[in-house]
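To start, the structure itself, in structure tokens.
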Amino acid sequence: MIERIFAQFPAQRRCPFHPPEEYAHVQRDQPVCRIRLASGREAILVTRYDDVRAALDDKRLSADETRPGYPFLYEGAFESPLKGTFMRVDGEPHVRVRRMLAKDFTVKRAQQLRVHIEAIVDDCLEAMAGRARPLDLVQELAFPVPSRTICHLLGVPYRDREVFESNTRAMINHRSTREQVQAAVAAVYGYLDGLVAAKQASPADDLISRLVHEELATGRIERQELVTIVLILLVGGHETTATMIGLGTFALLEHRVQLDELVREPALWEPAVDELLRHQTIAQSPMQRVALTDLEIGGERIRAGDRSASMFIATLAVTSRSSTDRISASARLLRDSNSRSCSVGCSHDFPLSRSRCLATRCRCGRPTWACSASRHYR
């Protein structure tokens, strides 16, 4: 029998660099449990890695928000801004968009962007070097690098960054009101709709121009869907990376032994990035699913159609950790490229084996931002 553990989910973090302690207790004692969401609805929380992987690969669980019993996070149970997009559908409608975007997110394309990204990092670090200490790493490096990179890739003028940076937080904050979310989405959507019109009149060598002329002009996609896809890429393309740069830097500065080891052995950077992604869990927001048929998860029976038990939620904030995991005890994991993690995404439509982090690397093997930083602050 599934028991209720939390009165409210998500739980509040006491430390911004670790999941709430309650999650570790749940993972140990009741890995599949009932929770109450900020929206007032109930759901099932799954916390162990093997259970989460099995659930995300299970076609009997749907990401479609239009399904009865979908676990909305927002207050008042209103739909998220992703409703109806490829992020909240299953099967061919989802895969169709992934195929459409695939050519712009290959390893080859990432390597082509390397020189540009290195130049962005160098520019940020040179600006930091000329300013008085202390400096805000997040504002001076962590946000500008991914923001400028995704703007370059999409074809969004970086000078307009305030439009999306100032509205992103309202869109992804599960405590935002309906009005706040709608206003934020409308602001970014309106800006991007105008940008699509500009690309129709004057195309350039960027992703938006390609989609406009290969997909929109040929009738394979509607204008509204195109703008929504760009909105998702723009928001997702800078917020998570900025968070990871900040958290990863903090974690390594807190554990100088491992940082020194990375400086001495650049080949360790690749597994180190994977391990930091696993350990820092850049997003606390869960992955929502709803059961289409009766099924079993972690030994617990989930019944489709039951008002509360038909909902399914998995959270990355604890999935990839054990209850005793600490980065200070994980030096060996920096050498382990097979560290178990769902941090790059996983679903039955897009298996983890096909999901890859496209962070570019310098010829020395380090992530581009880390290599540039070492030249300035070794």
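What's the number of the only condition in (1) surrounded by 18 or more Cβ atoms within 10 Å (Cβ to Cβ); (2) in a helix (DSSP H, G or I); (3) of a type in the set (Gly, Ala, Ser) that residue 176 fails to meet?
(2)
Take the residues in the stretch 107-149 that are without any contact (Cβ under 8 Å) to a residue 40 or more places away in the chain and among the β-branched types (Val, Ile, Thr); name whichever of them is nearest to residue 246 (Cα to Cα).
Selected residue: 120.
Quick check, is residue 106 within 18 Å of the chain's Cα centre (by Cα) and of a type in the set (Ser, Thr, Tyr)?
Yes: the conditions hold for residue 106.
Restricting to the stretch 211-220, what's the tally of residues that are crowded, with 19+ Cβ neighbours inside 10 Å and either touching a residue at least 60 places away in the same chain (Cβ under 8 Å) or not in a helix (DSSP H, G or I) (or both)?
Residues meeting the conditions: 1.
Of all residues in the stretch 148-163, which are of a type in the set (A, V, I, L, M, F, W, C) and either assigned to a helix (DSSP H, G or I) or surrounded by fewer than 22 Cβ atoms within 10 Å (Cβ to Cβ) (or both)?
Passing the criteria: 150, 151, 153, 154, 163.
Could you pull out the residue among 145, 138, 97, 115 that is closer than 28 Å to residue 39 by Cβ, assigned to a helix (DSSP H, G or I) and among the aliphatic types (A, V, I, L, M)?
97
Given the conditions (1) at pLDDT 90 or above; (2) under 23 Å from the mean Cα position of the chain (by Cα); (3) closer than 23 Å to residue 225 by Cα, report the number of the one that residue 113 does not fulfil.
(3)
Specify the residue that is nearest to residue 141 (Cα to Cα); the eligible residues are those in the stretch 245-276 that are without any contact (Cβ under 8 Å) to a residue 60 or more places away in the chain and buried (at least 17 other Cβ atoms within 10 Å of the Cβ).
Looking at the filtered set, the residue picked out is 248.
Could you list, in sequence order, all residues of the stretch 294-309 that are of a type outside the set (Val, Ile, Thr) and either loosely packed, with under 14 Cβ neighbours inside 10 Å or modelled with pLDDT of 60 or more (or both)?
Matches in the stretch 294-309: 294, 295, 296, 298, 299, 300, 301, 303, 304, 305, 306, 307.
Just to be sure I understand, how many residues within the stretch 23-40 are within 24 Å of the chain's Cα centre (by Cα) and surrounded by fewer than 19 Cβ atoms within 10 Å (Cβ to Cβ)?
Total meeting the criteria: 4.
The values are calculated or read from the model by the stated rules, or taken from the named source; none is laboratory data. Since the structure is predicted, the reported quantities are computational estimates derived from the model, not experimental observations. Here Cβ is always computed from backbone atoms with ideal geometry, including for glycine, and neighbour counts include all displayed protein chains.
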